[in-house]
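What follows is a set of notes on a single structure, which appears directly below.
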Amino acid sequence: MNTTYTVILWVIIVAAIAFVVWRIVQMARGKGGCGCGCCSAQGPSPQKSADSTSSGVQCRLYVNNMHCNNCERTVTTAIEQVESVHGAAADHASGLVVFRYDGREETLEKVKGKLEEIGFPFDRME
């Protein structure tokens, strides 16, 4: 094979590897798509869970890595699976997640742990 073609082939291979590594780093930093392919999905905004009771403490968390409506659904579902949590709603544009819980610190820690577990780390709380 001609030396010129070999060099061109190696340049293309190195460029492709560099691009893949760059995308992995971007996703790890929470930039770009979430990597699951859901960010290109179109659909209506998810139904926000209505809190049927006014009891409990309202919590406002900011979460990283939400990029689309499907990310919102994933976060909302995960938070609502934690015992003593109800009425969760997420907004991917602002990163805000609002929910009511029993006010115990251990419940809040379970929510934060659940968010980390599913790949949406807690950023800050209001």
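Taken together, the values in this text are just the output of simple stated rules run on the coordinates, not laboratory data. All figures in this text were calculated on a predicted structure; none of them were measured in a lab. Virtual Cβ from ideal backbone geometry, glycine too; neighbours counted across all protein chains shown.
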* Structure fact -> Along segment 75-89, Karplus-curve 3J(HN,Hα) (6.51, -1.76, 1.60; θ = phi - 60°) to the nearest Hz, with x for Gly and Pro, reads 5, 4, 4, 5, 5, 5, 6, 6, 4, 6, 10, 8, x, 7, 8
* To do: Could you run the Karplus curve 6.51 cos²θ - 1.76 cosθ + 1.60 with θ = phi - 60° over segment 93-105 and give me ³J(HN,Hα) per residue in whole Hz, x for Gly and Pro?
  => 5, 9, x, 7, 10, 10, 7, 10, 8, 6, x, 7, 4
* Points 7 angstrom from Cα along the Cβ direction at Y5 and R124: gap in nanometres? -> 5.8
* Structure fact -> Checking segment 52-91 for GluC sites (Glu not before Pro) in a loop per DSSP with at most 10 other beta-carbon atoms within 10 Å yields E83
* Table column - 3J(HN,Hα) (Hz), segment 15-23, Karplus curve with 6.51, -1.76, 1.60, x for Gly and Pro -> 5, 5, 5, 4, 5, 4, 4, 4, 5
